[in-house]
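One structure is given below, encoded as C-alpha cells.
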Amino acid sequence: MRSEVLSSAMADKRELRKQYRHLRSMISQREMRSAQICQNLIAAEEFRKASAVLSYMSIGSEADVRAASVQALADGKVLALPKCLDREGNMSFFAVKSLSQTSRGMYDIAEPMLTDFPFLPDSNSICLVPGFSFDLLGNRLGYGKGYYDRFLRDFPGIKVGIAFAACICDCLPAQDKDMQVDYLVTEDKIYQFTL
C-alpha cells in the first residue's frame, strides 16, 4: 500500500511539474517581477541580518535573483552558489567574489569555478531555494532530483523559497524527505511558515 501511495505522489508531482513549468513560462514581465522579488528579499530583516547568502543562478523561466546576490556582495556578506557534485542529488555551495566566477556545469547551469573548499554555512546564513511551485505550508515542488532536499536537511540557517506569485498554491503533495522552507518571497509579499 505504501509503495502505491508513493508511486501516486510521484506521478502527481511529475504532472504538477509539467503544469507549473508551462504556467511559469507564460508569466508576463518576468524581469520586472524578479526585480520586485529581489527588492522584497533585500528589504527583509532575515536578509539584512544574514552574514552569508546561499543563492543560485537562475535557468529558464525561474525568478532571477542576481540583483539580490549582487547586493549581498555589496553589503559585505559571503555569497555562495551551488555546484552539483554528481547525478545522485548531492551538491555543495562555494563562495564567490563575483557572479562572473561561474561557468556552465552539470545540467548546463552556471556553477562556481572555485571549488576547492565548500562553504560551511552556520545559523546566520540564508539559503535561497528555487522551485516550480510552493504551497501555503512551505512545501516545495522542485525539479525532482532531490539536490535541495538533501542539502537542506542539514542546513542550519533560514530556508527562503523564491517564486512568482502565480506559482503559489494551497497544497502540494509532500513526502517525509521533502524539506519545507521557512519563508517564501514572491513579487507580492513574504510568507512566513515555521520560524
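Please treat every number below as a calculation from the coordinates, not as lab data. This one's a predicted model, so the numbers in the text were calculated from it and none came from an experiment. We place every Cβ from the backbone using ideal geometry, glycine too, and count neighbours over all the protein chains shown.
Please state the relative contact order of the chain as a whole percent: Cα pairs under 8 Å, 6+ residues apart?
22
Give the calculated FRET efficiency between GLU15 and SER123 to the nearest 0.05, with a Förster radius of 45 Å applied to their Cβ-Cβ distance.
Calculated transfer efficiency: 0.75.
Whole number please: convex hull volume per residue of the Cα set in the chain, in Å³?
For the chain, the hull spanned by Cα atoms encloses 116 Å³ per residue.
Work out, in µm²/s and without decimals, the Stokes-Einstein translational diffusion coefficient of the range 59-112 at 20 °C, 1.002 mPa s, Rh from Kirkwood over C-alpha pairs.
Approximately 179 µm²/s, per Stokes-Einstein.
Once both labels are modelled 7 Å past Cα along the beta-carbon direction, what's the LYS145-SER100 spacing in nm?
Distance between the two pseudo-spin positions: 2.7 nm.
How far apart, in nanometres, would the label points at LEU136 and ILE190 be if each is projected 7 angstrom from Cα along the Cα-to-Cβ direction?
Inter-label distance under the simple model: 2.1 nm.
For n ≥ 4 DSSP H runs only, could you compute -39500 (n - 2.57) per run for the chain, divide by its residues and tell me the 222 nm figure to the nearest 500?
Rounded to the nearest 500, it is -9500 deg cm²/dmol.
Could you list the chymotrypsin sites (Phe, Trp or Tyr not before Pro) in the range 54-160 that lie in coil according to DSSP, counting only those with at most 15 other Cβ atoms within 10 Å of their Cβ?
TYR143
If I take R0 = 35 Å and measure r between the Cβ atoms of ASP108 and GLU45 in this structure, what FRET efficiency does the formula 1/(1 + (r/R0)^6) give, to the nearest 0.05?
It comes out at approximately 0.50.
Would you grab the residues whose amide H sits under 5 Å from the one on ILE158? Only those 5+ places off in sequence or on another chain, please, with H modelled 1.01 Å from N.
Long-range HN contacts for ILE158: SER125, ILE126, CYS127.
If amide hydrogens are placed 1.01 Å from N in the peptide plane, which non-local residues have theirs closer than 5 Å to the one on VAL78?
Long-range HN contacts for VAL78: ALA52, VAL53.
If r is the Cβ-Cβ distance from ASP154 to ALA74 and R0 is 22 Å, what FRET efficiency results, to the nearest 0.05?
Step by step, r from the Cβ atoms, then E = 0.15.
Which ³J(HN,Hα) values in Hz, rounded to whole numbers, follow from the phi angles of the range 95-107 under the Karplus curve 6.51 cos²θ - 1.76 cosθ + 1.60, where θ = phi - 60° and Gly and Pro get x?
Listing the rounded values in order: 5, 10, 9, 7, 5, 6, 7, 10, 8, 5, x, 4, 6 Hz.
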